[in-house]
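The values are calculated or read from the model by the stated rules, or taken from the named source; none is laboratory data. Note that the structure is a prediction, hence the values are computed from the model and not measured. Every residue, glycine among them, receives a Cβ derived from its backbone with ideal geometry; neighbour counts consider all protein chains shown.
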Amino acid sequence: MIVAKMKYKEINPHELEEKVEKLPRSARLIYDYLARTQLAKPKDLIENMDIPARTIRHALKRLVDEGLVIKIPDFNDLRSSFYKINERD
């Protein structure tokens, strides 16, 4: 798997905690799942969580928009993407 290293907006720990607390429950659950698994596709989330597919897609979009999660294209299947926690260096 090829993963490009990209620069994302830095978020301090206090701001990160605040952002996560304000998320809907489904988005927090997905954020916690991604923190444990490191990398996942929406299909993985749908299969392993008791959350409807539409809710997962909406929560992932919100997490990406908030800068908490990054979307990485799957170069083996460009129809899908991987999602992972936005790690700050």
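Do you know which of the residues in region 74-88 that are part of a loop (DSSP other than H, G, I, E, B) and of a type outside the set (D, E, K, R) is nearest to Leu63 (Cα to Cα)?
Initial filter on region 74-88 (part of a loop (DSSP other than H, G, I, E, B)): 74-80, 86-88.
When the remaining residues are screened for being of a type outside the set (D, E, K, R), the result is 75-76, 78, 80, 86.
On the way: Phe75: 22, Asn76: 24, Leu78: 21, Ser80: 17, Asn86: 10 Å.
Restricting to residues being part of a loop (DSSP other than H, G, I, E, B) and of a type outside the set (D, E, K, R), the top hit is Asn86.
Can you say whether Ile30 is over 9 Å from the mean Cα position of the chain (by Cα), modelled with pLDDT of 95 or more and β-branched (Val, Ile, Thr), as far as the supplied structure shows?
Working: over 9 Å from the mean Cα position of the chain (by Cα): no; modelled with pLDDT of 95 or more: yes; β-branched (Val, Ile, Thr): yes.
It is false that Ile30 is over 9 Å from the mean Cα position of the chain (by Cα), modelled with pLDDT of 95 or more and β-branched (Val, Ile, Thr).
Residue pairs, Cβ under 9 Å, 6 or more apart or interchain, first in region 31-46 and surrounded by 16 or more Cβ atoms within 10 Å (Cβ to Cβ), second in a helix (DSSP H, G or I) and among the acidic types (Asp, Glu). List them.
Here the result reads Tyr33/Asp44, each pair linking region 31-46 to a residue that is in a helix (DSSP H, G or I) and among the acidic types (Asp, Glu).
Name the pairs: first residue in region 1-27 and at pLDDT 80 or above, second residue among the basic types (Lys, Arg), Cβ to Cβ under 6 Å, at least 6 apart or on different chains?
From residues that are at pLDDT 80 or above, the pairs are Ala27/Arg62.
Across region 59-79, what is the number of residues that are over 13 Å from Leu39 (Cα atoms) and either small (Gly, Ala, Ser) or without any contact (Cβ under 8 Å) to a residue 12 or more places away in the chain (or both)?
So the first thing to find is which residues in region 59-79 are over 13 Å from Leu39 (Cα atoms), and the list is 59, 61-68, 75-79.
From what is left, the residues that are either small (Gly, Ala, Ser) or without any contact (Cβ under 8 Å) to a residue 12 or more places away in the chain (or both) are 59, 61, 65, 67, 77-79.
Total meeting the criteria: 7.
Where residues in region 47-89 are among the small types (Gly, Ala, Ser) and loosely packed, with under 15 Cβ neighbours inside 10 Å, which of them is modelled with the lowest pLDDT?
From region 47-89, those among the small types (Gly, Ala, Ser) are 53, 59, 67, 80-81; that's our starting set.
Retained after the next criterion (residues that are loosely packed, with under 15 Cβ neighbours inside 10 Å): 53, 80.
On the way: Ala53: 96, Ser80: 93.
Within region 47-89, the match that is modelled with the lowest pLDDT is Ser80.
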